[in-house]
Each structure stands twice: as C-alpha cells, then as structure tokens.
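Please treat every number below as a calculation from the coordinates, not as lab data. Bear in mind the structure is a predicted one, so any value in this text is a computation, not a measurement. Here the Cβ is made from the backbone with ideal geometry for all residues, glycine too, and neighbour counts use every protein chain on show.
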Amino acid sequence: MKLTIREYDIASEASLVLLNGRDCEVLGIDEGDRVIVTGDGQTVAVVSVSRTLVQEGEILATPRLLVRCGASSGSVVDVTASHAPESVRHIRGKMDGERLTGQMISKIVDDVVGGHLSQMEISAWLTALHINGMDLDETAAYAKAMASTGTVLSFGDRRVFDFHSFGGLPGNKITPVVVSIVTAAGLTIPKLSSRAISSACGTADFVEMFCRVDLDSDEVRRVTESVGGVFSWTGATDLGPAGDLFIKVQRPLGIDPRPQMLASIMSKKVAAGATDLVMDIPLGTESKVRSVEEARSYTRDLMDLGERLGIRVECAVTYAEQPLGQAVGPILEARECMQVLEGRGPSDVAEKACICAGMILEMAGTVDGHGEARRILGSGEALESFRRIVGAQGGDPDTTSEDMVPGMYSEDIASPRSGFVRRISNKAVVAVAKAAGAPSDKGAGVMVRKKQGSKVSEGDVLLTVYADSEAKLRHAMCVADSLEPITAEGMVMGHIGHRDRKN
C-alpha cells in the first residue's frame, strides 16, 4: 500500500507508526502488529491505530523511523504487513524458563536496538528475566550482545582499568577522586558514568559542574589517550547503547532483574575496552545489596562473569548505612569532591576513594596500593591529574571548591532533643534532596551536619536543605518533617526503678 508519510514529534526509541483504522483493515493488521515501511531504505515498525489523529492514505512516523526508512515528511512510502520477529519466540521461551543460546539472546538485543519490538514485548522480556533469571553463560552472552550494538574502544596493548559502584548510597562521590589517583599513577582509566535514575545525584550530574561530560566515543578515546582518563556520561556515547534502552522500560516497571543489571554493567566495560575492573558494592539496610550473603553472591557472579568476558574483576564490599561524606546534590557533591582533592574534605570520602583506587593500583602491580593512593592524594598529584582531565574536557582547570556555590535558598533542620544520632535514613535523605529539586536543579540538595553516633544538643543543626527556589525549599522541608531523615535520641530509653517492679 502506498501512503504519504508525515513526521510526528514524539520522543521514542522504538520504531512506531500511526495508521488510520480503515487503512489497517485493508492491510489486515491491528494495534501492536508490525509493518514494513520502505522509502529509499527499509525498516520494520510497530503499529498504533487511530481514526481521528491520522487521515486515510497517511502514515505518521517518528523522526527516528523517517531516518531508518530513508524518507522525508510528505513523501510516499510503501507499507506492507510484517510478521512478528523471531526474537518474540525467544522471549516466550525465557518466559517458560528455557535456557537461551547466545544467538537467540543476540537476536533479542538486536531487535530492541532496531526498534522492532514493542514496549510490551520488552517488558515481557525483562519480567521473564526477573522471574526466571539467567545462568552466567547466558548473562555473558547477553553482555557481549549489548556491547556489540555500539562502538567498542581499543587502546592497543595497554591494560585498561575501570571502576564501578552498584549505587544505592547517597553522596558516593568518589569516582573522580579514584580516576584522578589512578591516572596520576600512570594508568589508563576511561570512566563512563551515569546520571541519576532514582537517586538525587549521579556521577555525571555533579562532574558536569567542572567540565563537559557529553563526550562521544571518539572524544572519550582522544581524551583518554591524551591524559590517561576521562569523566564521561554513558548516554552521550554509543558504547553499549542497548543497556540504556532497557533501563527506560525497567524504570516504570520498578524492577531491576539481576542478569539485566550484571549484563548491562559488564557490557559497558567490554565496550570501554576494560581489562581490569574494581566493583564497589555498598552494603546497607537501605542499599541495593542488603546482606553479607547477597554481597558475596554478587562478588562470585561478577568475578566469574569477568572471566567469561576477559576482564579481571575484584570487589570491595563497602559500608552504606549512612550517606558518604556530608553532601548530597550536584553542586554540593562537586564541592565536596574538590575539597577531598584539595586535601580538606571529609575523611570517610577520602578513605573510601583511596581504598578503591589502591585496589586498582595493586591490580597493576603496586605492593601497597592503599598507601600509594593516600600518598598520591596527599601530595597533590591527584589534584593535578584531575585538572588535566577537566581541561581536556573543556572545563576550567583552575576551578576550586570555593567556586561551587549551592542554591540561594536554604534552611536548617535542628535536633528536637539532646542525645546521639541513632539513625540516618538514606532513602529519606534522598527524598528530601529530590524534593528540593536535585538533580535537575544543580544547586539543590542537602548537607548532613551530624553523622551516626554524633553527640548532639537540643537545637544543634542535623541537616541543611538547599534549593534554587523558595517553593521547592518549602516542599523539601515538608518532606523532611514527614520522613525524619535523621533520628537523635538520648542514651537512656527509660527508667525502671524498684517501685515499678511487679510481684
């Protein structure tokens, strides 16, 4: 059938078209079926049906699909019915608990990237992984398939190091410090980081306070070869793009299947050319990993998965019962990160960064990696390395922590009683920071003024909330009042005397 194709502006990675219901009857298709659209090129699209939004004889297509089929808005294309791709059968197999071959898994990934699967079919795939899982051979094949959907970097014979945190810990701002220490030691570490998904700040969200993070693959390679390391946002590159497509579907489902998470992480490492990887696994009651047994299980899987992918993996299981450092939010975390590099930041941030960087140094052959990492940080060599990377990415290498100014609206939350800080809720801290506007409002966030075990007097400041607007500050204060992110109590919970004793 010949139809006039017109563009409609909708942000979607999937190949979607809108057809008039009467044209669908002629083609013998219905909602959710597929058609082949042929212009100067050819692509497969998923159909939505309307009798009012699109006229007979027309087909509405996304800008992405117009490019794929080689057509321009207003031109005529040929539209024919198409059967469901083979990958749908493989998805049904995983739903039934079947083990898939590498070829089957590659077909699913290729069809997701190609836009040939509907959101419902991708959701079914992720749900099948959530329920039935994958063995490590399947997961390794999945990681390779995702990596192969984009550019795979190569740095010749050089060993390429990487660092990754599972997430789930607010204020975990150590990545730029780790990269700066490692590059100061003469090693290669092209670090690709994500933006916040459910948190108040991802690494890329605060690193862009210093310099560009939207580097493409060629820029990542060039900067790394020039200064040894890079701070780049994964979303700007075409390194393992399939993982980002799956995340968009996972988010509304509220699931994070273990094989999906592991394959997505490792696909980025394969794509970045990593040969050695240190994984930070934050362990806490409100973290993604909540028990020692679960942490050990992840470390075994990651190390075994690394062997299958040709990457040496070592893991650090780290404390995550309270935010790392004090700052949560883009500008606040950027300032605290710089303070650590300048030699005057919180000791817990510096110590964790040196432990993780030290593990990388020992993988490279240093005898006392932790000690060497502390020396590099304390000597100012890490700060100089940081400045070189920032300059190479278009930032001002002379930027200091004093240049990082948070939101102009702020308010303190005081302790209602004297005693000790008994508990800090990571989830509540994140909720308050997000209510204040983080991470989209760069000046928004919170400063945790008292950590667990700290002695407090009535009226002492527990938390300071920052916002870029007064309205968001008020909203954040209401959230803080309802969630109580920091709990302070006296040492004595009650007094029972002789008169209270029962016979």
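Quick notes on this one:
- Sorting the segments 210-223, 165-178, 64-77 by their residues' average number of neighbouring beta-carbon atoms within 10 angstrom, most packed first, yields 165-178, 210-223, 64-77.
- q = 0.25 Å⁻¹, region 321-386: log10 I(q)/I(0) [Debye, one scatterer per Cα]: -1.06
- Evaluated over region 397-492, the Cα radius of gyration and Dmax, each in Å: 14.1, 52
- Compared with the alpha-carbon gap, the fully stretched path from S457 to Y8 is longer by 155.6 nm at 0.36 nm per residue.
- Cα-based Rg of region 2-82 normalised by 2.2 N^0.38 Å, two decimals: 0.93
- The convex hull defined by the C-alpha atoms of region 59-189 has an orientation-averaged projected area of 12.9 nm².
- Identified option (computed semi-axes √(5λ) of the Cα gyration tensor in Å; candidates (1) 47, 27, 19; (2) 40, 24, 18; (3) 44, 29, 24): (3)
- The chain, relative contact order [Cα under 8 Å, separation at least 6], %: 14
- Estimated D of region 86-133 in µm² per second, where Rh is the Kirkwood radius over Cα pairs and Stokes-Einstein applies at 20 °C, 1.002 mPa s: 205
- Pair E86, R159: separation of 7 Å Cα→Cβ label points (nm): 4.1
- Against the rule of thumb 2.2 N^0.38 Å, how large the Cα Rg of region 150-209 comes out: 1.25
- Under the span-like rule (Cα at least 18 Å along the axis, Kyte-Doolittle mean at least -1.0), DSSP H helices of the chain: 119-132, 258-271, 292-309, 347-363, 470-483
- Estimated from helical segments only, the mean residue ellipticity of the chain at 222 nm is -12500 deg cm²/dmol, where each DSSP H run of four or more residues counts as -39500 (n - 2.57).
- Of the residues W233, W125, the one with the fewest other Cβ atoms within 10 Å heads the list, and the complete ranking is W233, W125.
- The chain: antiparallel DSSP beta bridges as a percent of all, rounded to 5: 55
- Note on region 308-441: Kirkwood radius taken over Cα pairs, Stokes-Einstein applied at 20 °C and 1.002 mPa s, translational D equal to 123 µm² s⁻¹.
- Taking the empirical scaling 2.2 N^0.38 Å for compact globular proteins as reference, region 192-292 has a Cα radius of gyration ratio of 1.14.
- Each Lys and Arg contributes +1 and each Asp and Glu -1, all at the Cβ; summed about the Cα centre of region 409-489, the dipole is approximately 360 debye.
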